[in-house]
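In what follows, a structure is listed as structure tokens, so that the remarks can point back to it.
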Amino acid sequence: MNASVTNTARLLGAGLRALLVLTLVTGVVYPLVVTGIAQALFPGRANGSEIRADGKVVGSSLIGQPYDLPLKKGQQTPEPDLRWFQGRPANGLGTNTVNTQYHLILSGATNLAADSKVLLRQVEDAKAAVVRDNSVPGHTVEPSEVPADAVTSSGSGLDPDISPSYAALQAPRVAARNHLPLARVEQLVRDHTTGRTLGFLGEPRVNVLELNVALKDLAAKS
């Protein structure tokens with residue numbers, strides 16, 4: 001009886017010591033080491049890939065955000081603020097009514113099939129809006145010029161980037177709305193175009209938030 005109690009106490013003590021050691025190693029030491037390495041080598045990425053403008057954080061380079069006009073009385077769907085470059089459609093899994101800077105509350109695609117009538121209507125409406133919004137005096141956008149990323153949302157619904165072709169399509173409208181030379185806005189797009197990762201992964205892309213921050217600076221100087 002005494003031997004059984006002693007053995008049980010020994011095993012319990014060993015288990016508690018193992019729990020304490022593993023808790024310290026995996027719950028304290030390891031997180032601190034990883035956090036320290038991340039802060040030392042990749043501080044920007046470790047802190048959320050923040051983008052700053054005028055001394056304050058305006059967003060993350062990893063998450064897209066809308067550029068819309070304030071809602072008018074009785075209006076349910078905001079209109080895009082056409083002074084700015086627009087990102088991809090954000091047709092995700094759910095909406096966020098609390099923090100309206102980022103409309104989506106869940107990261108995910110629409111899950112609509114390729115033959116879905118709802119998806120087809122979304123694409124047709126988006127294409128018509130792109131043609132309408134980006135056609136300015138002296139420059140008419142043709143439906144055939146609208147790239148796929150202008151009318152479809154990404155797999156996450158939060159894509160921060162657009163294709164160089166979509167950014168270039170918007171350049172005449174942005175230049176006209178901000179009273180800027182078109183050549184300067186087109187150069188801005190080229191300056192903020194990132195090539196394929198490692199030269200072969202993915203596609204060339206333009207981060208919309210970074211581009212709009214640079215556009216704001218350019219407009220202020222002009």
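Annotations for the structure displayed:
- Some residue of the range 141-154 being part of a helix (DSSP H, G or I), assigned by TED's automatic domain parsing to the domain that holds residue 85 and touching a strand residue (DSSP E or B) at 6+ places or on another chain (Cβ under 7 Å): yes
- The number of residues in the range 39-50 being more than 18 Å from residue 63 (Cβ to Cβ) and within 22 Å of the chain's Cα centre (by Cα) comes to 1.
- Single condition residue 108 does not satisfy, out of (1) under 22 Å from the mean Cα position of the chain (by Cα); (2) at pLDDT 90 or above: (2)
- Answer residue from the range 163-222, given it is in contact with a Gly (Cβ under 6 Å, 6 or more places away or on another chain) and part of a helix (DSSP H, G or I) and is farthest from residue 143 (Cα to Cα) among those: 209
- Matching residues, the range 152-202, being in contact (Cβ under 8 Å) with a residue 24 or more places away in the chain and over 23 Å from residue 59 (Cα atoms): 169, 172, 173, 176, 177, 179, 180, 184
- Filtered residue count, the range 65-91, keeping only those that are assigned to a loop (DSSP other than H, G, I, E, B), in contact (Cβ under 8 Å) with a residue 24 or more places away in the chain and either within 16 Å of residue 132 (Cα to Cα) or touching a helix residue (DSSP H, G or I) at 6+ places or on another chain (Cβ under 9 Å) (or both): 11
The values are calculated or read from the model by the stated rules, or taken from the named source; none is laboratory data. Just so you know, these numbers come straight off a predicted model, no measurement behind them. Because the Cβ atoms are built from the backbone with ideal geometry, glycine has one as well, and the counts that use them run over all protein chains shown.
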